[in-house]
1. Just one of the numbered conditions (1) open to solvent by less than 60 Å² (accessible area, probe 1.4 Å); (2) at pLDDT 90 or above is not true of residue 58; which one?
2. Can you name every residue in region 160-172 that is surrounded by fewer than 21 Cβ atoms within 10 Å (Cβ to Cβ) and either over 28 Å from residue 42 (Cα atoms) or not hydroxyl-bearing (Ser, Thr, Tyr) (or both)?
3. Output yes when any residue across region 74-89 is outside any helix (DSSP H, G or I), touching a helix residue (DSSP H, G or I) at 6+ places or on another chain (Cβ under 6 Å) and small (Gly, Ala, Ser), and no when none is.
4. For residue 62, are the conditions met, namely being assigned to a loop (DSSP other than H, G, I, E, B) and either more than 23 Å from residue 167 (Cα to Cα) or not polar (S, T, N, Q) (or both)?
5. Within region 97-105, is even one residue within 29 Å of residue 166 (Cα to Cα), open to solvent by less than 80 Å² (accessible area, probe 1.4 Å), out of contact with any Leu (no Cβ under 6 Å at 6 or more places or on another chain) and outside any helix (DSSP H, G or I)?
6. Regarding residue 116, is this residue open to solvent by 60 Å² or more (accessible area, probe 1.4 Å) and either in contact with a Ser or Thr (Cβ under 8 Å, 6 or more places away or on another chain) or polar (S, T, N, Q) (or both)?
7. Can you tell me how many residues in region 150-190 are more than 28 Å from residue 62 (Cα to Cα), out of contact with any Lys or Arg (no Cβ under 6 Å at 6 or more places or on another chain) and touching a residue at least 12 places away in the same chain (Cβ under 8 Å)?
8. How many of the residues in region 142-159 are small (Gly, Ala, Ser) and open to solvent by 10 Å² or more (accessible area, probe 1.4 Å)?
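The values are calculated or read from the model by the stated rules, or taken from the named source; none is laboratory data. Only a predicted model underlies this, so the values are computations on that prediction, with no experimental measurement involved. Note that each Cβ is placed from the backbone with ideal geometry, even for glycine, and that neighbours are counted across all protein chains shown. With ligands, DNA and RNA removed, areas are computed over all heavy atoms of the protein, side chains included. Shrake-Rupley method; radii C 1.70, N 1.55, O 1.52, S 1.80 Å.
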Amino acid sequence: MSQEEGLSDELEAGIERVSKWYHIPSVLALFVFALWARARTWGNFVVDGKVMFRGNDAWYHLRQVEYTVRHWPETMPFEIWTRFPTGTSVSQFGTIYDQVVATVALIVGLGNPDQTTVRMVLLFAPAVIGAGIVPIAYYLGKRVGKNRFSGVTAALIVALSSGVLLSRSLVGFSDHQVVEAFTQALAVLAIVVALQAADKEKPIWEL
């Protein structure tokens, strides 16, 4: 075998490897970029050693998270500061979002996180969750487009998206709206997978 033929075979093998695995580093890079774009201003929220938040509801979620950290996995059943001075039941706001953030804070704090650790985890939560939509978009695009390039394109669109999705997933905007976008994207992916499986298996719908 000549040297030129050997180089040609190596080039073809390299191209084949890239075409087979390019989606993994691509989606990972887009995830990292989306996370950086959302979290890069985090230093603006640390004032004199205290972690601050944007908006009103983030402080409400902080109270829920701090309560759940102390009483895990229970969430606060009654909030005296809502409709003060009578208070009100908060069952509609004791969300899994608060439980997940509290759980992560407990893990990061090795079972006994201090107040700063809890606040930092809540501070970064929207950025991480917002960036987490990128791999979901990849799988959704791959399913609908039936190829990995479509998936990478979908992930690219989400990573570069602006508007409400970006603003609600910025660091410090520690409200639950970004979780709604995340779970809705996950639900759409699940529906697409279910419909495609049904189309392939041809079930008897009457049964």
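1. (2)
2. 160, 163, 164, 165, 166, 168, 170
3. no
4. Answer is no for this residue.
5. no
6. The answer is yes for residue 116.
7. 8
8. Matching residues across region 142-159 total 3.
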